Structure formats: structure tokens, C-alpha cells
Amino acid sequence: MESLAVLNFGILAAVVIASFCILAVVSRRVGVSRACFITAVLIGALFGPTIAGRFQPTLYERFVTGGSAQRHALQDLEDAHRSDRLTLLSTGVSPVALDELTQQHERELAQAEQTYQRAVASHALPRVMFIVFACMAAIGLHIPGKRLFRRGGSWHNASFLCAWMTVTTAGLIALAASFFFSIPLVPAAILGLTYTVASSSRCKQHRAPEGSPGADDDVAVDAVSATVDRCGAICWLLCLAVGVWCTLRLLPDLDAPQQPNAQALLPAAGIVGAVVGCVVGCLAQRWSSRVSTIAACLAITMTLVSIDLYYFGVWGPVLLALLVSGDARWFGAAGGARLLGSPWKPAFRYTLRLTNAASLQAAVGILCLTSQMLNDHLLLAAVFGAVMCDLTMPLRRLMTTYPLSPDPIDPSSSNPDSTTTHETDDHSNERGNL
């Protein structure tokens, strides 16, 4: 049973990875950039119950859900019970005997249902292990590394900035989700925390060109840049802590014997993924961001293959996520940097790095779903928010880059005599200085 589940998952993973690579190459050839997350969502919908589950239900049950033989046995048992009951009713049996038969049928159905659920859980175990490993690896790849040793930063100010982001972002999302969409406050707060803790300062720093209006501000607020790096490090530690907590919640319950014993491997897969991600992030920081994005996209795809988007009727949290993804976190961080004494323009430019966290946001949301801290609706809110955050990152980066203004042309520069005069004056000034 377990070997068959591993084989089916291997085939599914190979097909998914091949499709992801093909769509990524096609999108790059067409000229569409930053399409990894959209590609992951499309592949998840293609191989999930949204499309494959409707047009190829047999293949979908074989490679994704599993438990086909147990489901047929359960259906046959229900048909047999129905025929036995009709036979007894036609013979005029007493009500006491009919009640005894009904209780016996219920016990048999409960046992068959338990067998079916165990088969489904055993079939989904390799896929869940891969999801946990990929999510923890995506988090570990954002390890701060050398940014922790930058001079001029303040851990006190970084802690204040992180706390300010939590109050402004997580509090706003939690209150809006609870008030407008009637979501319980605790899941709404967890959804808001996925937007806050999923922040990383791993992003290219855009400084103002020399001579532009913001160049002096850059020199004045280099300490704020280092503080933002430390704030990203604190957020990374929070992401790692949330990921470890979610994986520890996956430990099998000793009082629930229906769970497979192999479920104890889920926390081990998460810890191994975190260690591998941290090691790769330290050794290859240049490629760690791309690898983290790929790992998060594969986790999104493997998660969406079990979620039906066709009958998904609660789009309120998703719309809220699309509205606040990145922007609420960015404005909250910029406001905190402004309270620390930074001017507005450098504050927005430096804190932009804290919104480059689409893979972290998706990974934390998927881990919260796996540990049953979020439901499918809130997970899709986090995933679509990560997609929007990734797509709008170039626009935010363009908004914070100072344009290069052309130097004014001196009309006298066209006169060669004036050039000679300027050179003579420069030489005379140099002799006077000497």
C-alpha cells in the first residue's frame, strides 16, 4: 500500500514538475516575467479536482486521492446492507430484529469508513511530506546570513519596527476579515500574521543616484537600512518558529489509532527541509531566492491538487488579500521607519525589501493549513495575496526609484572660446590654491 502510494506520488510529481518547467519556459519566451506563482496556481487547478477531477476522475483518484479499492468495497457494503434490509422488511420481521440488524450494519459501515479514511491518509502522506519539506525549505532559504553583521543597525529599533508592522498589518487584516466577512477572530488573526511574519529584507537595494534629491537622505539613513535588515531577520525567525510549530502539530495522536504510524515522519521532513534550506541559503545566497520561489510554487501546486476551485464560493478573504497584499505591510513598515526618524522617501525605498516575501507568505499559509490552523478559504487568500505581491513588486520598485533628470545644457558651452576661458580659470585657481 505505502509503496504504491509513493510510486503514484512520484509519477504525479514528475508530471507536475515537467509541466511547471514547460510553462515557465513558454512564459519566459513570450516575455511574461514573474509568472512562477501564476503557473503554480494554473497547474494546481489543472491536476486538481477543478479540471482533472471532473474530466478524468479515475486517474485523479488513482494519483491524488487514493483509496479506490476501499471506496468500492464501502459502496458494495452499502448496497448489500440495503438489499438485506429490504429482504427483512418483505418477510415481516419484528422491529427488535430490525433494530439489531441496523446496529450491526452501522458498525460494519463505520469500520469500512475507517479503513477507507486510513487508505486515503496513507496515500496522501508522501504528498503532505513533500509539501512540508518544500515549505520549510522555502523558509530556510531566506536565512539572513551576512545581513546580521551590518554595522549601524539597532535591534531595538528593528524590534519596534516589527511590532509596528504586526499592529498595523495583522490587526487591520484581522479586524477587516472579522467585521466584513464574518470570519472568526482567531483564524483572521492567524491570516494577518501570515502577512506580517512573512517579510524578508532579501531584495536588491535601490539607492538614489548621486546628485539626485534623495542622495543626501540615503547617506543620512544608512542606519535605517541596517535596521530594516534586522527587522527582516526578526521576521524570518518568526516564520521559522511558526513553521516549526506547525510541523510539531502534525505529530500523530497516540489516542487515535486510525492514523498511520508513518505520520510521525512529517515533523522530521519539516526539520530536514529547514536545515537543508538554511545550509543552501548560507552557501549560495545568490540563488537562494530563486530556489525558495520554486520550492514555494511546488508546494502551492501540490496543495491545490486537493482543493476544488470551481465550487469555491467565499471570495471575500481573497479580495481582501488582493487589496492589502504587500501594500499594508509596506505602508506599515514605512510608517514605523518614519517614527524612527527616517524621511518618508528613504523610508518607503528601504522598507520595500520587507515586501519581497511572496514565497514566505505562501509557505507559512500552507503550513498553517496543513496543521489545520487555517481553512481552504484563508489559505487561498494567503496564496493569491502572494501572487499579487509578486506581480506588483516591479511596480513598487519603480515607484521608489528616483528618476535621473538630465543635466541642463549650458548655452555658452557651444562657444569654444568660453571653454578655453573656463579651463584657464580652473588652472589659475589651482595655482592659487597651491
If you scan segment 62-79, which residues turn out to be closer than 22 Å to L4 by Cα and either in contact with a helix residue (DSSP H, G or I) (Cβ under 9 Å, 6 or more places away or on another chain) or surrounded by 16 or more Cβ atoms within 10 Å (Cβ to Cβ) (or both)?
R62, F63, V64, T65, G66, G67, S68, A69, Q70, R71, A73, L74
Of the residues in segment 85-137, those that are of a type in the set (K, R), surrounded by 11 or more Cβ atoms within 10 Å (Cβ to Cβ) and without any contact (Cβ under 8 Å) to a residue 40 or more places away in the chain come to R85
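Going by the structure shown, is L304 closer than 19 Å to F130 by Cβ and in contact (Cβ under 8 Å) with a residue 40 or more places away in the chain? Please lay out each step first, then the result.
Values: closer than 19 Å to F130 by Cβ: yes; in contact (Cβ under 8 Å) with a residue 40 or more places away in the chain: yes.
Here the answer is yes, as L304 does meet what is asked.
With respect to L46, determine if the residue is closer than 30 Å to S292 by Cα, modelled with pLDDT of 85 or more and assigned to a helix (DSSP H, G or I).
On the way: closer than 30 Å to S292 by Cα: yes; modelled with pLDDT of 85 or more: yes; assigned to a helix (DSSP H, G or I): yes.
Here the answer is yes, as L46 does meet what is asked.
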Of everything in segment 158-189, what is loosely packed, with under 14 Cβ neighbours inside 10 Å and among the polar types (S, T, N, Q)? Give them in sequence order.
S182
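Looking at C162, is it over 30 Å from A5 (Cα atoms), touching a residue at least 24 places away in the same chain (Cβ under 8 Å) and in a helix (DSSP H, G or I)?
Yes; evaluated as a whole, the condition is true for this residue.
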Within segment 303-322, is there a residue that is touching a Ser or Thr at 6+ places or on another chain (Cβ under 9 Å), surrounded by 17 or more Cβ atoms within 10 Å (Cβ to Cβ) and more than 22 Å from M136 (Cβ to Cβ)?
no
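Criterion first (among the hydrophobic types (A, V, I, L, M, F, W, C), surrounded by 16 or more Cβ atoms within 10 Å (Cβ to Cβ) and either over 21 Å from M388 (Cα atoms) or in contact with a strand residue (DSSP E or B) (Cβ under 9 Å, 6 or more places away or on another chain) (or both)) does V41 satisfy it?
On the way: among the hydrophobic types (A, V, I, L, M, F, W, C): yes; surrounded by 16 or more Cβ atoms within 10 Å (Cβ to Cβ): yes; either over 21 Å from M388 (Cα atoms) or in contact with a strand residue (DSSP E or B) (Cβ under 9 Å, 6 or more places away or on another chain) (or both): no.
No.
Check whether at least one residue in segment 92-115 is hydroxyl-bearing (S, T, Y) and within 22 Å of L265 (Cβ to Cβ), and report yes or no.
yes
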Which of the numbered conditions does G232 fail, given that it passes all the others? Conditions: (1) over 22 Å from G140 (Cβ atoms); (2) of a type in the set (G, A, S); (3) crowded, with 18+ Cβ neighbours inside 10 Å; (4) at pLDDT 75 or above.
(1)
Only one of these is under 19 Å from F130 (Cβ atoms) and surrounded by fewer than 24 Cβ atoms within 10 Å (Cβ to Cβ): L360, L369, L395, L391. Name it.
L369
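The rows are residues; the columns are (1) at pLDDT below 70; (2) farther than 21 Å from L161 by Cβ; (3) within 20 Å of the chain's Cα centre (by Cα).
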residue: A188; (1), (2), (3): no, yes, yes
residue: V197; (1), (2), (3): no, no, yes
residue: C203; (1), (2), (3): yes, no, yes
residue: D216; (1), (2), (3): yes, yes, no
residue: S225; (1), (2), (3): no, no, no
residue: A262; (1), (2), (3): yes, yes, no
residue: L265; (1), (2), (3): no, yes, no
With the requirement that a residue be polar (S, T, N, Q) and under 25 Å from I11 (Cα atoms), what does segment 94-126 give you?
T115, Q117, S122
Just name the residue that is nearest to A14 (Cα to Cα) out of those in segment 55-84 that are part of a helix (DSSP H, G or I) and in contact (Cβ under 8 Å) with a residue 60 or more places away in the chain.
V64
What is the one condition in (1) part of a helix (DSSP H, G or I); (2) within 30 Å of C297 (Cα to Cα); (3) modelled with pLDDT of 85 or more that N8 does not satisfy?
(3)
If you go through segment 99-144, how many residues are over 30 Å from N356 (Cα atoms) and either in a loop (DSSP other than H, G, I, E, B) or touching a Leu at 6+ places or on another chain (Cβ under 6 Å) (or both)?
2
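Does T293 satisfy the condition of being more than 15 Å from A137 (Cβ to Cβ), in a helix (DSSP H, G or I) and not acidic (D, E)?
So T293 does not fit the description; no.
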Which fully enclosed helices (runs of 4 or more DSSP H) of segment 321-434 have 3 or more residues being among the polar types (S, T, N, Q) and either modelled with pLDDT of 80 or more or within 25 Å of the chain's Cα centre (by Cα) (or both)?
358-370
What are the pairs, 6+ residues apart or on separate chains, where a residue within segment 275-295 that is over 21 Å from A386 (Cβ atoms) has its Cβ under 6 Å from a residue that is modelled with pLDDT under 85 and part of a helix (DSSP H, G or I)?
C282/G145; Q285/G145
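Please verify whether S27 is under 30 Å from L304 (Cα atoms), surrounded by fewer than 12 Cβ atoms within 10 Å (Cβ to Cβ), of a type outside the set (F, W, Y) and at pLDDT below 85, treating the condition exactly as stated.
no
The values are calculated or read from the model by the stated rules, or taken from the named source; none is laboratory data. All values derive from a computational prediction rather than experimental measurement. Cβ atoms come from the backbone with ideal geometry, glycine included; neighbour counts cover every protein chain shown.
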